[in-house]
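A short write-up of the structure that comes next.
The values are calculated or read from the model by the stated rules, or taken from the named source; none is laboratory data. For clarity, every value in this text was computed on a predicted model and none was experimentally measured. Cβ coordinates were reconstructed from backbone atoms using ideal geometry, including for glycine residues, and neighbour counts include every protein chain displayed. Protein only, heavy atoms only, side chains kept; ligands, DNA and RNA dropped before computing areas. Shrake-Rupley method; radii C 1.70, N 1.55, O 1.52, S 1.80 Å.
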Amino acid sequence: MEENKKTLYSAVQPTNNLTIGNYIGAITNFVQLQEEYNCVYAIANMHAITVRQNPAELRQRTLALLALYIACGVDPEKCILYLQSHVPCHAELAWVLNTFTYVGEMERMTQFKDKSARHADNINMGLMDYPVLMAADILLYQADYVPVGEDQRQHLEITRDIATRFNNAYSPTFTVPQGIFRKVGAKINDLQEPTKKMSKSGENPNGAIFLSDDKDTIMRKFKRAITDSDGEIRYDPVSKPGVSNLLSIYSVFSGKSIDEAVLEFQGKGYGEFKLAVGETVASKLMPIQAEQAKLLANKDYLNQVLISGAQRANAIARKTLSKVYKKIGFYQV
Ligand code: ATP
Ligand code: LTN
């Protein structure tokens, strides 16, 4: 880690295939930011098991996500890229932070309420404790910044509260992190229900574009995307959520601003617009898929990345945890 650079931390869960929401809200930022910061990126498999996972699929998706990170441009030489369960300090710090977190705060978390409703047969302690584990992830690395999508804003706030509470109870121990949210694309919405976030574990598969979708599927899903009946292509998320969502997707994938995109499609029909969005997304995703497949064929390389990532992550995390144990009075030999 370079001394003069600030630290940035983020993670993605290996649940299901990733969507273009994850790609835009998280991964593209990770790539852009890796030059400027000391970046630490995790595959959050400990978060993933807060909802039931098939073990074989979880294993396979872990490698697939690692390959995807690299295929999208995250460079394991420049960043620390590792698997959360390879660093035991996460669970250890989460336990300590649990004693600085109130049950009422966790019960109020939007994601907890949503996921409890969706998985009513399995409202487990882990699901409720999810934000504390996330706080532990971030605070172990003394991260200054955390790039995430809009849906994680509340979890970041609670991380800041927990860090401040601990610092005030003892003495400054944790860096209090700031979120980084992109201006366009911090929340990509479902193509079928454009007022709801596009989610990788949502109910309607036609509402989400997965990074693993082939071109025909991508084109079909965009063609069927819900718009409105006024026929005008303009950015107005409140009264035109469908069209505005497509404009955001187009803007990020084409590298053009929203205004440029609106100008480009002035006077054109929705049909033509949707085809253009589909083409742009597909042409970006196809090479990523090819690169991901190539990487997945080289398991030795991927394992090597994980081993090296875990070593580097462990060294940093252990240092913070030792500091914490000392402050709270855990006898160390
Ligand atoms: P799940 O549906 O399994 O809860 P998820 O789609 O929310 O998963 P995560 O692994 O929880 O995905 O999130 C990975 C990153 O992607 C986070 O930074 C999150 O904020 C971001 N993200 C997720 N969905 C979107 C979206 N629709 N738009 C923008 N960013 C998103
Ligand atoms: N909860 C996050 C994934 C995640 C994360 C983190 C993000 C786990 N630990 C630490 C940022 C920092 C999500 O995106 N759903």
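Output the pairs from Lys196/Lys284; Lys78/Lys256; Lys215/Lys284 with a Cα-Cα distance over 19 Å in this structure; if there are none, say none.
Distance filter (> 19 Å) returns Lys196/Lys284; Lys78/Lys256.
What figure in square angstrom, to the nearest 10, would you give for the accessible area of Lys197 with a 1.4 Å probe?
Surface open to solvent at Lys197 totals about 90 Å².
Taking Cα atoms, how many degrees apart are the long axis of helix 299-328 and the longest axis of the chain, rounded to 10 and kept between 0 and 90?
That works out to roughly 50 degrees.
Which of the three applies to the stretch 278-327, rounded, prolate or oblate, going by the alpha-carbon gyration tensor with a ≥ b ≥ c and a/c under 1.5 meaning rounded? Write out the running numbers ahead of the final one.
Details: a/c = 7.96, a/b = 2.28, b/c = 3.49.
The shape class here is oblate.
Given R₀ = 41 Å, FRET efficiency for Lys6-Ser201 by Cβ-Cβ distance, to 0.05?
0.80
Starting from 0 in steps of 10 Å, tell me what percent of the Cα-Cα pairs of the stretch 217-333 lands in each bin.
Pair shares across the bins are 11, 27, 15, 14, 18, 11, 3, 0.
Name the shape class, rounded, prolate or oblate, that the alpha-carbon gyration tensor gives for the stretch 240-283, where a ≥ b ≥ c are the square roots of its eigenvalues, rounded holds for a/c under 1.5, and otherwise prolate holds if a/b is larger than b/c and oblate otherwise.
It comes out rounded by the Cα gyration axes.
Only Cα pairs under 8 Å and at least 6 apart count here; give the relative contact order of the chain as a rounded whole percent.
It comes to 22 percent, rounded to a whole number.
Can you give me the C-alpha center-to-center distance between the stretch 47-76 and the stretch 107-135, rounded to a whole angstrom?
With the stretch 47-76 and the stretch 107-135 each reduced to a Cα centre, they are spaced 21 Å.
With just the Cα atoms defining each centre, how far is the stretch 266-325 from the stretch 172-189? Give it in Å.
Between the Cα centre of the stretch 266-325 and that of the stretch 172-189, the gap is 18 Å.
Using a 1.4 angstrom probe on heavy atoms only, work out the carbon and sulfur share of the accessible area of the chain in %.
52
What translational D, rounded to a whole number of µm²/s, comes out for the chain from Stokes-Einstein when the hydrodynamic radius is the Kirkwood one over Cα pairs, at 4 °C and 1.567 mPa s?
Rounded, D is 62 µm²/s.
Determine the percent antiparallel among the DSSP beta bridges restricted to the chain, to the nearest 5.
Working: 2 of 16 bridges.
Just about 10 percent of them are antiparallel.
Quick one: helix 89-98 against the long Cα principal axis of the chain, what's the angle to the nearest 10°, folded into 0 to 90?
Helix 89-98 sits roughly 80 degrees off the main axis of the chain.
What's the extension gain from Val103 to Ser171 if we count 0.36 nm per residue and subtract their Cα-Cα distance?
Residue separation times 0.36 nm, minus the Cα-Cα distance, leaves 22.1 nm.
Rounded to the nearest 500 deg cm²/dmol, what is the calculated helix-only ellipticity per residue at 222 nm for the chain, with -39500 (n - 2.57) per DSSP H run of length n ≥ 4?
Estimated from H runs of four or more residues: -16500 deg cm²/dmol.
Which whole-number value in Å² is the accessible area per residue of the chain, probe 1.4 Å?
It amounts to 47 Å² per residue over the chain.
Given points 7 Å out from each Cα along the Cα-Cβ axis, report the Val333 to Glu36 separation in nanometres with one decimal.
About 4.8 nm, to one decimal.
Calculate the translational D of the stretch 1-122 in whole µm² s⁻¹ from Stokes-Einstein, where the hydrodynamic radius comes from the Kirkwood formula applied to all Cα pairs, the temperature is 37 °C and the viscosity 0.692 mPa s.
204
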